[in-house]
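Report on the following structure.
The values are calculated or read from the model by the stated rules, or taken from the named source; none is laboratory data. Every value quoted in this text rests on a predicted model; they were computed, and no experiment measured them. Using ideal geometry, Cβ is built from the backbone for each residue, glycine included, and neighbour counts are taken over all protein chains shown.
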Amino acid sequence: MPTGTALLLIVAALIYFGVGQRLLDRMRLTDTQALIAIALMIGGSFVTIPLKTGRTSVSFNLGGGLVPLALVVYLLIKADTAKERIRSIVAALITGGIVYGVSQLTDFDPSSPALFIDPLWLFSIVAGIVGYLSGRSRRASFIAGVLGLFTVDVVHLIQAVTNNMATRVVLGGAGVFDAMILAGLIAVALAEFVGETRERLEGGGEEL
């Protein structure tokens with residue numbers, strides 16, 4: 001089972017049993033909305049829409065592309081202030097830029113002795129940490145982690161089309177889908193842990 005799907009099923013089970021209700025409230029999501037989003041991401045991961053054929057073929061995966069982007073848009077709309085929206089978008093661009101930079105350091109050849117970690121985990125961890133550091137709040141961190149990785153996917157698409165590469169690009173496809181889910185969860189988990197610790201130390205405080 002793909003990593004992203006497995007993680008979503010675990011999250012769905014936790015939500016079903018009432019775990020993380022406070023976090024969902026901070027994310028401006030109800031249990032039902034979160035479960036519907038998860039179901040659509042899992043179901044949509046099996047649906048790929050072709051956008052361009054030829055030497056560089058381009059497709060768009062619904063579960064790894066459309067649904068996460070729709071969730072990001074929803075969270076941006078639900079943001080408390082315009083400042084939070086801008087911070088979230090800037091954080092996503094910063095995350096995307098750093099992840100893209102990391103991706104240029106190596107071709108991640110499995111036979112390379114320099115490969116010490118699966119690219120999926122490396123990109124997800126980098127995106128999750130940078131997403132949190134840039135976004136800080138739960139919502140902004142999630143947006144930064146998910147949108148940052150999708151931005152990198154779009155950059156790779158532009159490079160493939162511009163150079164007329166003989167390849168098939170699937171926006172939000174398998175590896176990217178897994179990485180986006182993992183990055184989003186890491187970013188939110190960091191924001192929740194640090195935010196909860198800070199709020200306890202401060203005896204309450206502003207919801208993030």
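Here's the yes/no breakdown for (1) at pLDDT 85 or above; (2) of a type in the set (Phe, Trp, Tyr); (3) within 14 Å of Val188 (Cα to Cα):
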position	(1), (2), (3)
Leu75	yes, no, yes
Thr81	yes, no, no
Arg136	no, no, yes
Arg139	yes, no, yes
Ala144	yes, no, yes
Within segment 28-61, count every residue that is touching a helix residue (DSSP H, G or I) at 6+ places or on another chain (Cβ under 6 Å) and in contact (Cβ under 8 Å) with a residue 60 or more places away in the chain. 3
Looking at segment 22-76, which of its residues are buried (at least 17 other Cβ atoms within 10 Å of the Cβ) and either among the small types (Gly, Ala, Ser) or touching an Asp or Glu at 6+ places or on another chain (Cβ under 8 Å) (or both)? Leu23, Arg26, Ala34, Ala37, Gly44, Ser45, Ser59, Gly63, Gly64, Gly65
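So how many residues does segment 15-49 have that are among the aliphatic types (A, V, I, L, M) and on the phi > 0 side of the Ramachandran plot? Before you say what the answer is, go through the steps one by one.
Of all residues in segment 15-49, those among the aliphatic types (A, V, I, L, M) come to 15, 19, 23-24, 27, 29, 34-42, 47, 49.
Next, from what is left, pick out any that are on the phi > 0 side of the Ramachandran plot: none.
Residues in segment 15-49 being among the aliphatic types (A, V, I, L, M) and on the phi > 0 side of the Ramachandran plot: 0 in total.
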